[in-house]
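The structure appears below as structure tokens.
The values are calculated or read from the model by the stated rules, or taken from the named source; none is laboratory data. Note that the structure is a prediction, hence the values are computed from the model and not measured. Glycine also receives a Cβ, built like all others from the backbone with ideal geometry; neighbour counts cover every protein chain displayed.
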Amino acid sequence: METIWEYAAFLANSLVFILFGAQEAEQHFSGLWLAILLAIALMTLGRAVAIYPLCAVFADGALKVESRHQHILFWGGLRGALALALALARPDDLPLHNAIVTITFAVVAFSVFAQGLTITPLLRRLGQIKCRP
């Protein structure tokens, strides 16, 4: 049963990304670079504010999270299908609808490519996985 639900989740995520890809094929990033960079910075800052202070609250208790694990939680917080689905669900007549969709796509792309492709080196550096011989 678990395999069926994992496959259903995979199909749902794939469908969202396909729909989003069709939507984004006609979007233009020009003029939005500053907003995109600001959104990425705010997303990263928001993740840091959510992880580090909350972990500090539990630093002396049984629920303590080691600092290396905090870094993994921070950098490994990949975003994707949910953010894209929410952006696409906004009404087309919403002011700046296309900009919202494009900025969301850029933040998700940063998350998947920048954070996703660098999580393994981070895990190696923090001693969570062994380096290849």
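Brief remarks on what is shown
- Residue check, Phe105 free of Cβ contacts under 8 Å to residues at least 24 places away in the same chain, surrounded by 10 or more Cβ atoms within 10 Å (Cβ to Cβ) and assigned to a helix (DSSP H, G or I): no
- Any hit, region 87-101, residues being part of a helix (DSSP H, G or I) and not aliphatic (A, V, I, L, M): yes
- Among the residues of region 35-58, those identified as surrounded by 12 or more Cβ atoms within 10 Å (Cβ to Cβ) and either outside any helix (DSSP H, G or I) or of a type in the set (Ser, Thr, Tyr) (or both) are Thr44, Tyr52.
- Among (1) of a type in the set (Phe, Trp, Tyr); (2) crowded, with 17+ Cβ neighbours inside 10 Å; (3) closer than 27 Å to Ser30 by Cα, the one test that Phe113 misses: (2)
- Conditions (1) loosely packed, with under 15 Cβ neighbours inside 10 Å; (2) at pLDDT below 90; (3) over 19 Å from Val101 (Cα atoms); number of the one not met by Gly31: (3)
- Among the conditions (1) without any contact (Cβ under 8 Å) to a residue 60 or more places away in the chain; (2) part of a loop (DSSP other than H, G, I, E, B); (3) more than 28 Å from Trp33 (Cα to Cα), the only one that Gln128 does not satisfy is (1).
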